[in-house]
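Reviewing the structure listed below.
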Amino acid sequence: MKQWTSQQVAQAAGASVIAAPPDGPGPKLATIDSRRIEPGALFIGLPGENLDGGRFADAALQGGAWGVLTRPEHAETLNRDAGVILAATDPLKSLQRLATRWRRELGAQVIGVTGSTGKTSTKDLLLALLAPQRRTVASRANFNTEIGLPLEILAAPAGTEVLVLEMGMRGVGQIAELAAIAEPDVAVIVSIGPVHLELLGTVARVAAAKAELIAGLAPGGTAVIPAGEGLLGPHLRSDVTTVTFGAGGDVRFAQEDDDRVVIDAGGERIELEVPFTQAHLRTDLLAAVAAARAVGVTPSGRIELALTAGRGETVAVGGGVTVIDGCYNANPMSMRAALSDLAVSAARSGAARRVAVLGDMLELGPDEAAYHRELGEVAGAAGVDLLVTVGPRAATIAERFAGETVRVADAAEAADIVPGLLVAGDLVLVKGSLGVGLRRVCEALGVRVAA
């Protein structure tokens, strides 16, 4: 955007120009946080349920912002000599329009990634695979909403060749909205499972909501989906190339060792050095390889993977304890995968005990108790020695777990008692839905958790 004039910014955003000092460089970034204003920033004042961000437009200008975009009632009150002032009745829609225009200006190939579980790690893997060969930008942390996604597009610098965008979903129509903003060339659906059932009701409806990403592809695009996922069948398109991954798929493992894999990608042999053995990450790797090939990149060499915080990173902490940080979120699929990985990692490392600190899984609808009870059996099969349940729903896990169990009411209580339950050599899985707040447990154990 730096090369755009204020008039061009306004046109791209569908906004009116209230004031525009003599044209100079355009904005170098966009932000909705007036506390993080820096010279060259375009502040977009979004209205919220309790507070209208347009009220902070004046402070943003005084803080050195390039300009502001806000509702007319706020824009009209601002000092017209302070910077560029743009007005729009719907600043969020303007933010999204601006992002789409910048995406087109970049000319980058766009990969959209969604799924019931694994979308963030797949995004991280794509960055690791693509960055050595192409100028790649991947969305940060949880910038995967109708607000966060356009901000990530606008943060991509000129010269970006591939843009990897995670897309979150809470209900029908949300993936479609994100796809309309991002205009993806490749749609990756990592998995389909029981998430957001309170809103969607059935897993079939979850699949339909995720498949909005496939519907958002232009003809000639590529859809990357799990092999054998029948729920996505009704949503596939004849004018889009479909690539499947996993056992029996177009992209699958031909050979796996501890630190090396051979992938058969449509008959092409790809050898990679991998610093991880977790089964779910290796499945996500297949999805990432399929998507990388769809944008013309054949991965090679060693994968330097940096996982987003809270998505399964293994951290050695004080006292000889090792923590698997899965505190960002959880659902039945990801819980099963995490417990399986706990078992494998403990066996490989010779851990003294396998400890699972499991919190409530939220938004599972009327069958939530059954989903939690099933995890007790999964934990037992994974050889968990000590189970700590956090929250009223998670307490149900203990009903089918025969081992040592400690039940606590919330994350604050867990943070107080879990450190005292551990001994040297323990391998500890901490996992639950974001709303449970298990980051407090990770912090209490000495894991540095991102803000």
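The values are calculated or read from the model by the stated rules, or taken from the named source; none is laboratory data. Since the structure is predicted, the reported quantities are computational estimates derived from the model, not experimental observations. FYI the Cβ positions are ideal-geometry reconstructions off the backbone, even for glycines, and counts take in every protein chain you see.
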(request) Examine region 8-16 for a residue that is farther than 22 Å from LEU149 by Cβ, touching a Lys or Arg at 6+ places or on another chain (Cβ under 7 Å) and not acidic (Asp, Glu), and state whether such a residue exists. (result) no
(message) One residue is enough: does region 360-383 have a residue meeting the conditions under 29 Å from the mean Cα position of the chain (by Cα) and more than 28 Å from SER116 (Cα to Cα)?
(response) no
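Determine whether GLU183 is surrounded by fewer than 23 Cβ atoms within 10 Å (Cβ to Cβ), at positive phi and not assigned by TED's automatic domain parsing to the domain that holds GLU38. If you could, list the steps in order and put the result at the bottom.
Numbers: surrounded by fewer than 23 Cβ atoms within 10 Å (Cβ to Cβ): yes; at positive phi: yes; not assigned by TED's automatic domain parsing to the domain that holds GLU38: yes.
For GLU183, the condition - surrounded by fewer than 23 Cβ atoms within 10 Å (Cβ to Cβ), at positive phi and not assigned by TED's automatic domain parsing to the domain that holds GLU38 - is met.
Would you say ARG134 is basic (Lys, Arg), assigned to a loop (DSSP other than H, G, I, E, B) and modelled with pLDDT under 95? If you could, list the steps in order and put the result at the bottom.
Values: basic (Lys, Arg): yes; assigned to a loop (DSSP other than H, G, I, E, B): yes; modelled with pLDDT under 95: no.
The answer is no for ARG134.
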(request) Name the one entry in GLN255, GLN278 that is in contact (Cβ under 8 Å) with a residue 60 or more places away in the chain and not charged (D, E, K, R). (result) GLN278
(request) Spot the failing condition for ASN144; the list is (1) at pLDDT 95 or above; (2) out of contact with any Ser or Thr (no Cβ under 7 Å at 6 or more places or on another chain), and only one is missed. (result) (1)
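If you scan region 340-359, which residues turn out to be under 22 Å from ALA409 (Cα atoms) and surrounded by fewer than 24 Cβ atoms within 10 Å (Cβ to Cβ)? Break it down into steps so the answer makes sense when it comes.
We begin by selecting, within region 340-359, every residue under 22 Å from ALA409 (Cα atoms); these are 354-359.
Hit for region 340-359 is ARG354, nothing else.
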(request) Need at least 1 residues that are under 18 Å from the mean Cα position of the chain (by Cα) per element, so show me which strands (runs of 3 or more DSSP E) inside region 229-339 make the cut, counting only ones lying wholly within it. (result) 313-316, 322-326
(request) Inspect region 309-326 for any residue being in contact (Cβ under 8 Å) with a residue 12 or more places away in the chain, touching a Lys or Arg at 6+ places or on another chain (Cβ under 6 Å) and not assigned by TED's automatic domain parsing to the domain that holds GLU268 and give the result as yes or no. (result) yes
(message) If I go through region 10-26 residue by residue, how many of them are touching a helix residue (DSSP H, G or I) at 6+ places or on another chain (Cβ under 7 Å), modelled with pLDDT of 90 or more and closer than 18 Å to ILE153 by Cβ?
(response) 4
(request) Would you mention how many residues in region 198-228 are in a helix (DSSP H, G or I) and either surrounded by 21 or more Cβ atoms within 10 Å (Cβ to Cβ) or charged (D, E, K, R) (or both)? (result) 10
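Residues checked against (1) among the hydrophobic types (A, V, I, L, M, F, W, C); (2) out of contact with any Asp or Glu (no Cβ under 8 Å at 6 or more places or on another chain):
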{"residue": "VAL261", "(1), (2)": "yes, no"}
{"residue": "GLY266", "(1), (2)": "no, no"}
{"residue": "GLN278", "(1), (2)": "no, no"}
{"residue": "ALA309", "(1), (2)": "yes, no"}
{"residue": "ALA338", "(1), (2)": "yes, yes"}
{"residue": "ALA369", "(1), (2)": "yes, yes"}
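Would you say VAL295 is at pLDDT 90 or above and in contact with a helix residue (DSSP H, G or I) (Cβ under 7 Å, 6 or more places away or on another chain)? Step through it out loud before you land on a result.
Values: at pLDDT 90 or above: yes; in contact with a helix residue (DSSP H, G or I) (Cβ under 7 Å, 6 or more places away or on another chain): no.
No; evaluated as a whole, the condition is false for this residue.
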